[in-house]
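The values are calculated or read from the model by the stated rules, or taken from the named source; none is laboratory data. Just so you know, these numbers come straight off a predicted model, no measurement behind them. A quick note on method: Cβ atoms are made from the backbone with ideal geometry, for glycine too, and the neighbour counts reach across all protein chains shown. SASA here: full protein model, heavy atoms, side chains in, ligands and nucleic acids out. Shrake-Rupley method; radii C 1.70, N 1.55, O 1.52, S 1.80 Å.
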Amino acid sequence: MMDNISHSHEGPDPHAPRPDHDDTLTHHKRLEIAVRELLIEKGILTADEIREAVERMDARGPHLGAKLVAKAWVDPAFKARLLENGSAAAEEAGVQMDQPTRLIVVENTPQVHNLVVCTLCSCYPRMVLGIPPDWYKSRAYRSRAVHEPRAVLAEFGTQLADEATVRVHDSTADMRYLVLPMRPKGTEGLDEAGLAALVTRDSMIGVTTL
Amino acid sequence: MRGVHDMGGLQAGPVERVEHDYQLWEKRVDALMVLLSRKRRFTVDELRKGIESLPGDAYDRLTYYERWISSITSALIHRGTITIDELRAKLADIERRPDGPKAGTP
């Protein structure tokens, strides 16, 4: 049912109603509709606010984290600030934090590899990576990342040198970790945008390297 | 006692690298959480408390945003922001809508 968006102008119309793709109305989908409509009727939220919040989340994604990583690779002073205070450095680079949670950036080196998990729920640096992938929230990942990180890494195809230390960071609601991966060899000629294009989401979670 | 949500260090099978594109209703649940906490109508701690209070079998059976909307709904009722009667009436109203799932799309 796409007929509602037929009036769109050139390019996607940000105000067009979006098709839901939801063909079954489950109990929880009903709850979402009910709670949302009650909050709107009570004047606590508006439909516009909700749509804008969805659009803001849609606009977030790993490209934001990649921008920070590339900037850190080319600018040692920025890298120092990023490692010192991730939230402030991200704001400085134009990435809106709009959450009271701290962003903590941890740097991979030949000696230390960092891996991010949230064993208790699914805390994730949403402000710089968007909504987490399903596997990040899965029982297997949350259970095993802390006690057999190398086995988990191997499942992602990541082999580390035996002498490298693996440091696992367990996120909380107040602390969100982002991995600063190592800059790949042979990228000396690339500019910041070119470098950012190399940075993957999974490398910033620490399950892969570049 | 270890809660069902507290799974760090337990044995588990391989990580299945599944992902899905979030559905609009899931993104709206996310939006409700973000907006309600910004307006100080709800906190992240309440969200977690609600999720961690789910019975173990429900925790495992529900999807991520199903847990969220369950928790948000109980917290709003607990705070008196919405009442159970209002919720029941609204759910019954949604049930009666002829066009079903599309009816709630803003």
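Couple of notes before you dig in:
- Taking 29 Å as the limit for the C-alpha separation, the pairs B:Lys27/B:Lys90; B:Lys49/B:Lys90; A:Lys29/A:Lys137; A:Lys79/B:Lys27; A:Lys79/B:Lys39; A:Lys67/B:Lys49 exceed it in the case of A:Lys79/B:Lys27; A:Lys79/B:Lys39; A:Lys67/B:Lys49.
- Choice from A:Arg176, A:Arg81, A:Arg56 showing the highest fluctuation, given a GNM over chain A with Cα pairs closer than 10 Å: A:Arg56
- Taking Cα centre as origin and charging only the Cβ of basic (Lys, Arg, +1) and acidic (Asp, Glu, -1) residues, the dipole magnitude of chain B rounds to 480 debye.
- Charged-residue dipole, Cβ positions (Lys, Arg, Asp, Glu), the protein assembly as shown about Cα centre, Debye nearest 20: 720
- Pairwise FRET efficiency - A:Gln96 versus B:Ser53, Cβ, R0 = 41 Å, nearest 0.05: 0.80
- More than 21 Å apart - percent of Cα-Cα pairs taken over chain A: 62
- Cβ-Cβ distance of A:Thr172 and B:Glu95, R₀ of 51 Å, FRET efficiency by 1/(1 + (r/R0)^6): the value works out to about 0.85.
- Charge dipole of the protein assembly as shown about the Cα centre (unit charges at C-beta), most positive-ward option of A:Leu178, A:Pro133, B:Ile72: B:Ile72
- The Rg/Rh ratio for the stretch A:94-154 is 0.99, where Rg is the radius of gyration of the alpha carbons and Rh is the Kirkwood radius.
- Taking GluC sites (Glu not before Pro) in DSSP loop states with no more than 14 other Cβ atoms inside 10 Å as exposed sites, chain A has its longest site-free stretch at A:11-162.
- With θ taken as phi - 60° and the Karplus curve 6.51 cos²θ - 1.76 cosθ + 1.60 applied, the whole-hertz 3J(HN,Hα) list for the stretch A:169-182 is 10, 9, 6, 10, 4, 9, 10, 10, 9, 10, 8, 8, x, 6 Hz, x standing for glycine and proline.
- The stretch A:45-154, relative contact order [Cα under 8 Å, separation at least 6], %: 26
- FRET efficiency for the pair A:Glu107 and A:His147, taken as 1/(1 + (r/R0)^6) with r the Cβ-Cβ distance and R0 = 30 Å, rounds to 0.80.
- The accessible area of A:Met57, taken with all protein chains in place and a 1.4 Å probe, comes to roughly 20 Å².
- Pair-distance profile P(r), taking every C-alpha pair of the stretch B:1-101, with 10 angstrom steps and integer %: 12, 35, 37, 12, 3
- Centre separation in Å (Cα based) which lies between the stretch B:59-96 and the stretch A:27-48: 10
- Which of A:Leu68, A:Asn108, A:Cys121, positive extreme of dipole for the stretch A:68-191 (C-beta unit charges): A:Cys121
- Label point at B:Asp60 placed 7 Å out along Cα→Cβ; residues across the stretch A:132-165 whose backbone nitrogen lies under 12 Å: A:139-140
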